[in-house]
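Notes follow the structure.
We did not get these values from a lab; they are worked out from the coordinates using the rules stated. In this text, all values refer to a predicted model and were calculated from it rather than measured experimentally. With ideal geometry, Cβ positions are generated from the backbone for all residues, glycine too; neighbour counts draw on all protein chains shown.
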Amino acid sequence: MKETLYIIDTFSLVFQVFHAVPAMTGPAGQPTNAIFGITRDILNIIKTHSPDYLIFAMDSSGPGTRNEIFPEYKANRSEMPEDLAAQISSIMDVVKGFQVPIIESPGWEADDVFATIAQLAKEKGIQTVIVTNDKDARQLINESVQLYNIRKNTFMDAEGVVKDWGVRPEQVIDFQSLVGDAVDNIPGVPLVGPKKAQTLIEQFGTLEGVLENADQAKGPKLQQNLKEFADQARMSRELVTLNKNLDLNVNWDDSRLTHPDRERLRQLFTDFGFRRFAEEMKEDFTKQEEPRPSKRIWETVDNLKAFQKFVTLLKKQDEFCVDLETTGLKPAEAEIVGWAISWQKNHGYYIPVEGPTGQKALDPQIVLEQLKPILEDPEILISNQNIKYDMVVLMRAGVYLQGVSIDPMVASYLLSAGERGHSLDKLSERYLQHTMIPISNLIGSGKQQKKMFEIDVEKVAEYAVEDAEIAWQLSRILQEELKQNSLWDLYWDLERPLIPILAEMEFNGIRVDPEELKHQSQQLDLRLTDLIREIHEIAGHEFNIASPLQLRKVLFEELKLPVIKKTKTGPSTDQSVLEKLAPLHELPAKITEHRHLSKLKSTYLDALPDLVNPETGRIHASFNQVVAATGRLSSSDPNLQNIPIRTEEGRQIRKAFVPENADWKLLCADYSQIELRVLAHLSQDTALSQAFREGADIHTAVAAETFRVSPENVDSEMRRTAKAVNFGVIYGQSPFGLSESIGIPQSEAAQFIEDYFQRYQGVREFLDQILEDCAKNQFVQTICGRKRTIQGVRPGLQKQLNMPERTAINTVIQGSAADLIKQAMINVSERLKQEQHPGRMLMQIHDELVFESPILEIESLSQIVREEMESAMRLDVPLIVDMSFGSNWLEQTNLEIPSL
């Protein structure tokens, strides 16, 4: 039996896996999806195909030989994505760890390298498989060479080329010379596509035969093109022809697949967070068939007898995973289609309550009645990925799940806050090296997409049980990870109790007045019409103000305004540029106003009514625990935290947010300067702490200290500067940033920051310590022990902070404030339940909580909220909450209730 050689077309495979594997990041926050995909593919080839030889073929760097023939060759190629470029050196480390040679040739591409190696292998009697998606490689296919598409797990031989293109491998070069290649910018002959090229080659045999018989081609235009572009076709042939005769020194002994450096690979995989791959490196895995994964078993419970037997079994479990299949993605509107439940690896149950006509399904109410007491038993622990979604769906059905246990999504976020994805698919890849069934395989996509209840019950069962069973496995793994990383208390005592509170807030929603939004939209329409007229009058003619090209012409060619910033296409007209031009001419200010009002209208006034739930008349936004890396909550659908408050038109949007009815009011509770109070507590700065203890206006107090005047002599400019520095310190603002924000010279800003740190030495020492610790440990921590991995921090406080250093400081302070308000939410919620208060928590907007309550209970609600928020944590400075109430979110009256 002949020996086999597998040649990897390196960058072809690299790009494939980068786009095929969801974004992943390692323990240090580095992107790892391409590294993971390459590793999985190498292991798959070794275990499944057992090649005798393995080689990686690489492109050489810099311009190649083909660019000398045609300078525009591959000119259409875009730059490598930043997240992929960052992984290339690590991919090379992995390849070297497998002790596989990487071969390249100066001036030539990987295609030429593997063409030459395949020729050399043929001469040695070695059978070659080229792992590539590059169609140029089809010209190499012969009795000794095949192509392998690893994504589809398919091989292509000569018959496959004939079937796909209608030509033989030895005709591929002529075929491509006519067709060209848009990806590589090979021109070919205009109007000649694959079918026409196949017909021409079938008729005339070769490219030269086609060109010599151009007059016999069908159609005058095709005849003309074959004559006019004959030299272009010949040049294309030169570009697509692979060089089989490079001067390569292939060491066949080095290329023989023997034993990888398993210890080196184990270390690399540990660094990348590939736990299963690292575990595999403990044993020799070469020349073995890939172990078959344990087969997942799912049981479809679709009759009453089987359901009663299942319920009896379920009651014996003290912890399990529940995952609901539903009619939609909005939990406050979704109906249950089926229940997937699992409490052991590779095994689970699916209970259909809705399905295609004629297929078995249980009565939804019978299932609900039987499962409700189990789900509402606080002694039974229930896990699931994004369990908050299931809780809202269950609330809608009248079930209030009590014993929340491990949500892998939230656990993963605590372990790796800097990572961009904590979905079940990504966690399955990261922790289990398992690719899950894509939802599109089940319901399709686009216009052909079906509803879950329209899909065959057994197919849904397989998909749903996989979700539940994988979530169950991950819950066991991540529970241990949390404990090992000293994050268990943070999860169990803070993040976990928050989940049902957020679920309740989402279920409650907040009432919105569509008529008020419609009225405001109509008013803005009138203002926008007037603005366009004013803009055209100022410019002296009409133009499309939404066109950067036309606006650029008006601003810089007609009005001769200075160019502030340039892009690849010319002078920039972005928002920052318009703001700098506004003092010089009224037109940029008008454009800015138009953009602002247009965005308000489209993003909020016209969009919010569509988000109102027709059943409840309320908007049910999502509150997300796993988005902001600092620990803050975010909101979506809509993003309530982004509703503008700095302009009058933006503030007016809040007027449309109203309480349950006329007998209720909204109550707003806002922490006063919480991040600065956290800074004072953590830094233990004497002057800053004293100012808070004395109840002084902190910005006035800082201005008085820094400008060395008495508080009564602090004017508005001094206070504005002090306020900018107070908050700038938290975000690591540079002198340039401060000068830009408050309009003072950079040298003056630098001096002000220096004076600030001299007066508040404790703050300087604290920030310095954050950076020292982060440089040493590669992570920072909040007041509750929340961790965030950060690399690139220099020890000590620098005059100019880089992004990692600003991130480190911001995470500690803002993250600690986030911990505090989360604890406050838990305390307030528990107190409201204890006292059976009718008040409801509706929204969390950064440092503000919004409630609704019957008007007669507003005072008692205010007292509860103030007490619990101001005692949420014991800081060395007092916590102060500003309280107000009103008939909508905008028009609020201050509540004067004494602080603790």
*Antiparallel DSSP bridges in the chain: what percent, to the nearest 5?*
70 percent
*D for the chain, whole µm²/s, Stokes-Einstein with Kirkwood Rh over alpha-carbon pairs at 25 °C and 0.890 mPa s: what number?*
75 µm²/s
*Point-charge dipole on Cβ atoms (K/R +1, D/E -1) for the chain, about Cα centre, debye to 20*: 960 debye
_Residue-averaged 222 nm ellipticity for the chain, from DSSP H runs of 4+ at -39500 (n - 2.57), nearest 500_ = -13500 deg cm²/dmol
*Amide H partners (placed H, <5 Å) of Ala629, local residues excluded*: none
*Convert each backbone phi in the range 271-276 into a coupling constant with the Karplus relation 6.51 cos²θ - 1.76 cosθ + 1.60 (shift: θ = phi - 60°), then list the ³J(HN,Hα) values in order as whole Hz, x for Gly and Pro.*
4, 7, x, 8, 5, 5
*Going by alpha carbons, how many degrees (0 to 90, nearest 10) lie between the helix axis of 761-777 and the longest principal axis of the chain?*
30 degrees
*Would you mind computing, in nm to one decimal, how far apart the modelled labels at Asp253 and Gln836 are, each placed 7 Å from Cα along Cα→Cβ?*
8.7 nm
_Helix 674-683 vs. the chain, principal-axis angle (Cα, 0 to 90°, nearest 10)_ = 90 degrees
*Taking every pair of alpha-carbon atoms in the range 385-515, give the share separated by more than 17 Å as a whole percent.*
67 percent
_Over 29 Å between alpha carbons, listed pairs Lys372/Lys459; Lys566/Lys787; Lys163/Lys426; Lys295/Lys316; Lys451/Lys599_ = Lys566/Lys787; Lys163/Lys426; Lys451/Lys599
*Give, in whole angstrom and from largest to smallest, the semi-axes √(5λ) of the equivalent ellipsoid of the range 511-619, with λ running over the eigenvalues of the Cα gyration tensor.*
34, 15, 10
*Counting only C-alpha contacts under 8 Å and six or more residues apart, can you give the relative contact order of the range 676-809 as a whole percent?*
22 percent
*Can you list the residues, at least 5 places off or on another chain, whose amide H is less than 5 Å from the amide H of Ile790, using H built in the peptide plane?*
Phe779, Val780
_Under the rule a/c < 1.5 gives rounded, and otherwise a/b versus b/c splits prolate from oblate, where does the range 18-104 land using the Cα gyration tensor?_
oblate
_Likely footprinting exposure, Ser636, Ser383, fewest C-beta neighbours within 10 Å first_ = Ser636, Ser383
*In percent, how large is the relative contact order of the chain, given Cα pairs closer than 8 Å and 6 or more residues apart?*
9 percent
*Built amide H within the under 5 Å cut-off of Lys665, gap 5+*: Ser853, Ile855
_Along the charge dipole of the chain, pointing to its positive end and built from +1/-1 on Cβ of Lys, Arg, Asp and Glu, which listed residue (Tyr53, Phe307, Ser862) has its Cα farthest out?_
Tyr53
*Shape call for the range 676-809 from the C-alpha gyration tensor, a ≥ b ≥ c root eigenvalues: rounded (a/c under 1.5), prolate (a/b greater than b/c) or oblate?*
oblate
_Order these by the 10 Å Cβ neighbour count, fewest first: Lys244, Lys360._
Lys360, Lys244
*Angle, helix 716-730 long axis vs. longest principal axis of the chain, Cα atoms, 0 to 90°, nearest 10?*
50 degrees
*Relative contact order for the range 1-65, counting Cα pairs under 8 Å that sit 6 or more residues apart, in percent*: 49 percent
*Calculate the all-directions average of the projected area of the range 297-508's alpha-carbon convex hull, and give it in nm².*
11.8 nm²
*Projected onto the charge dipole of the range 556-638 (+1 at Lys/Arg Cβ, -1 at Asp/Glu Cβ, origin at the Cα centre), which of Ile591, Thr569, Pro638 gives the Cα projection farthest towards the positive end?*
Thr569
*Going down the table (Lys518/Lys553; Lys330/Lys483; Lys553/Lys590; Lys74/Lys227; Lys305/Lys330; Lys122/Lys195), which pairs top 27 Å between alpha carbons?*
Lys518/Lys553; Lys330/Lys483; Lys305/Lys330; Lys122/Lys195
*Lys/Arg +1, Asp/Glu -1 at C-beta; the range 99-257 dipole; positive extreme among Ile102, Thr128, Asn249*: Thr128
*asked:* Need one word for the range 60-188: rounded, prolate or oblate. Basis is the Cα gyration tensor (sqrt eigenvalues a ≥ b ≥ c); a/c below 1.5 gives rounded, then a/b vs b/c decides.
replied: oblate
*For the range 397-414, what does the Karplus curve 6.51 cos²θ - 1.76 cosθ + 1.60, with θ = phi - 60°, yield as ³J(HN,Hα) per residue in whole Hz, taken in order and with x for Gly and Pro?*
8, x, 10, 10, 4, 10, x, 5, 10, 9, 9, x, 4, 5, 4, 4, 4, 5
*Cα-centre dipole for the range 191-349 with unit charges at Cβ (Lys and Arg positive, Asp and Glu negative), debye to 20*: 500 debye
*Under the Karplus relation 6.51 cos²θ - 1.76 cosθ + 1.60, θ = phi - 60°, what is the ordered set of whole-Hz ³J(HN,Hα) values for the range 168-180, x standing for Gly and Pro?*
7, x, 6, 9, 4, 4, 5, 4, 5, 5, 7, 6, x
